[in-house]
1. If packing is taken as the mean number of other Cβ atoms within 10 Å per residue, what is the order of 94-106, 246-258, highest first?
2. Round to the nearest 10 and give me the degree value, 0 to 90, for the angle of helix 195-209's Cα axis relative to the longest principal axis of the chain.
3. In debye, nearest 20: dipole of segment 1-101 around its Cα centre with unit charges on the Cβ of K, R (+) and D, E (-)?
4. Residue 50 to residue 633: extension gain in nm, 0.36 nm per residue of separation minus the Cα-Cα distance?
5. With a 1.4 Å probe and all protein chains left in place, how much of the accessible area of the chain comes from carbon and sulfur atoms, in whole percent?
6. Using 0.36 nm per residue of separation minus the Cα-Cα distance, give me the extension gain between residue 615 and residue 298 in nm, one decimal.
7. For residue 76 and residue 186, calculate 0.36 nm times their separation in residues minus their Cα-Cα distance, and state this gained length in nm to one decimal.
8. Which shape class applies to segment 293-434: rounded if a/c is under 1.5, otherwise prolate when a/b exceeds b/c and oblate if not, where a ≥ b ≥ c are the square roots of the Cα gyration tensor eigenvalues?
Amino acid sequence: MPPASIARVLLDSPLPQLDRLFDYRIPERWREQAVPGVRVLVPLRSAGRQAKGFIVDVADEVGFDGVLSELDEVVSPAAVLDPAVWRLLRRAADRAAGVASDLVRLAVPPRQVRVEKAWLARRSESEAAAQAREAARPAAPLITGYAPDAFAPMLRFDAEPLATLVGEGAAEGRRLALTGVPHPVEVAPGVWVPAALRTLAELAVATLAAGRSALVSVPDYRDLDHLETCLALLVTSDDLARIDATQPAADRYRAFLRTLEPRPVIVIGNRSALLAPAPALGLVAVWDDGDGLHVEPHAPGIHSRDLALLRQEETGCSLVLAAHARSTDVQRLVELGWLGVVEPLGRWRRRITPTAQQAGAGAEAARGRIPSTAWRAVSDALQHGPVLVQVARPGYAPRIACADCGETARCTACRGPLGVARAGASASCRWCGALAVGWRCATCEGERWRTVGRGSARTADELGRAFPGARVVVSDGETPLQSAPGGRTLVVATRGAEPLVPGGYRAVLLLDGEGMLARESLRVVEDCVRWWCNAAALAAPDAPVLLVGVGGGVATALATGHPERVAASELADRRVLRFPPAVRVAALAGTPDAVARATATIDDLDGVDVLGPIELDEGRVRAIVRLDYARGAEVAARLKAEIVRGATARVTRVAGAPPRRRVPALRVRFDDSEPFDDPGARPIG
């Protein structure tokens with residue numbers, strides 16, 4: 001069959017008006033190498049300009065009577081844009097009214113020439129070597145902490161049931177909401193990891209043992225290191241590919257190229273791992289989908305959970321959304337019957353004991369902050385090992401206020417809040433870092449301020465004086481720790497920065513609960529429950545976990561070991577109010593005319609309503625569109641058309657004025673709940 005003569009190319013451009021496939025004629029010299037997935041250089045308009053791109057498809061003819069431009073160059077024979085991945089990226093971009101090339105940059109790392117040439121040279125391996133790799137596949141491990149039939153049968157390959165995997169078969173694609181076992185486990189002498197991540201590792205290995213690939217996405221490097229530690233003990237390095245933005249460019253590209261090979265592989269990483277072109281995909285798993293790090297910060301702002309759902313729908317593989325505390329998004333899918341539920345056995349459930357805020361024994365500085373029952377529990381636990389104390393904020397005094405009127409002290413340069421980073425330090429802005437020199441209260445002109453609240457550093461100072469002889473360790477955003485020493489140690493950590501200790505903490509004390517719940521955010525309750533459950537999961541199985549200053553339904557659910565009840569209650573409230581995830585949302589920001597035109601295009605749709613617009617800054621406004629899930633594709637298409645219209649509109653030049661950088665007239669971001677948190681905090685985009 002002769003090579004095709006027409007290449008359909010996706011340009012590597014963020015411009016929305018170029019978000020389509022362009023046809024180019026393939027010159028005779030490139031006919032053999034111009035195949036779908038390869039990188040190319042193509043002419044763009046006039047003046048000899050070139051653009052980078054990827055061949056998405058090839059054809060023998062095209063319905064165009066004019067003369068097509070020719071490809072300038074096939075950059076490399078490596079087909080790095082997998083057709084299945086391209087279909088996923090196109091769907092994800094259309095769902096968010098985004099540009100597909102933005103997601104291609106996330107999926108395909110920058111080319112590393114030396115690494116790629118070495119990989120191409122090794123691709124032709126002997127059949128004997130391939131058979132040896134096949135024989136060296138690991139056996140499926142046993143998964144502990146759940147009922148014997150929780151995962152049985154999960155996947156069924158070659159008519160052989162696997163009692164340790166998820167799903168009824170690759171064709172059926174079983175989908176599960178998994179609650180992790182909440183304590184650390186020892187996977188090798190002296191090597192401890194969270195039990196939930198060991199479960200995901202075992203599921204991935206069982207998938208590999210069945211001849212299928214597995215994708216596992218986790219939010220940050222700490223979880224990724226734990227997951228890699230587990231898998232390194234179960235599979236060979238050739239069966240594992242880590243794709244992580246923190247890796248050196250060569251290592252990341254080498255791991256990506258491994259996923260292009262026809263042999264099954266386990267791919268671990270953050271968001272980009274879900275876009276890896278793994279062959280014979282059998283499992284997609286996401287850990288802790290409620291973590292904000294799963295949201296891609298750049299346009300179009302896709303969430304790992306959405307990528308996993310789309311990937312599962314495209315391939316029919318099994319899907320696991322795992323966490324210690326279920327998000328409202330997962331709870332919605334559970335209530336719809338789209339996800340099954342797998343939970344630990346009753347004896348493995350973690351129960352968090354709420355305690356009333358009252359005066360306690362100990363140092364005067366900590367009196368009133370830690371109840372007497374919690375104080376005694378910490379004192380007793382320190383005799384047997386380390387104790388974790390979780391606090392809400394880093395630094396010494398996270399906020400300072402005017403001593404006269406009580407208003408929050410703000411920076412005179414950027415209006416950010418002032419705070420004190422450590423004992424004896426000068427007050428400075430928590431946003432821009434400027435020192436509060438010559439500060440005056442903007443409300444009453446007062447010149448005196450006082451500290452408000454206690455951060456991690458101040459808590460550590462106070463507890464160090466209250467428990468003499470105990471080692472005090474601080475882990476926060478500035479000094480994060482992956483692990484902490486055992487023995488008589490007090491570990492003071494901010495949420496999300498809690499280190500792991502061998503054997504687990506002998507007690508966990510969760511402070512500042514009332515203040516954390518007082519944060520203005522749509523997801524504040526589920527976020528707090530997730531932070532508390534993640535910290536509690538670092539305790540030893542028989543260790544007490546105490547929560548200070550929280551009552552009501554949240555405290556009851558945590559005390560009975562059922563945090564999913566909080567997610568169910570939150571979801572019920574949001575259904576009444578039409579807030580996400582009961583509905584989808586799209587935040588529109590831009591000029592008043594552009595936002596008005598965009599909202600007018602969707603006014604005629606049922607199940608769609610608009611909140612706003614409200615003023616932002618520099619003459620821009622923002623509106624929030626709420627829409628039923630069934631309307632998502634139509635709303636996204638209409639808003640995308642308005643984005644293109646704004647990007648291609650002619651800009652009026654003022655005579656004699658210097659040219660200005662063009663700002664998009666309209667920006668759209670789907671499924672972003674942040675505008676509900678603080679309407680004036682930031683423009684979208």
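The values are calculated or read from the model by the stated rules, or taken from the named source; none is laboratory data. What you are looking at is a predicted structure, and each value in this text was computed from that prediction instead of being measured. Note: ideal-geometry Cβ built from the backbone for every residue, glycine included; neighbour counts use all protein chains shown. For accessibility, only protein heavy atoms count, side chains too; no ligands or nucleic acids. Shrake-Rupley method; radii C 1.70, N 1.55, O 1.52, S 1.80 Å.
1. Going from most to least packed, we get 94-106, 246-258.
2. Here the helix axis deviates by roughly 30 degrees.
3. Using only the charged Cβ atoms, the result is roughly 380 debye.
4. Roughly 206.6 nm would be gained on extension.
5. So the carbon and sulfur contribution to the accessible surface is 51 percent.
6. 111.8 nm
7. 35.1 nm
8. It is oblate, given that a/c is not under 1.5 and a/b is not larger than b/c.
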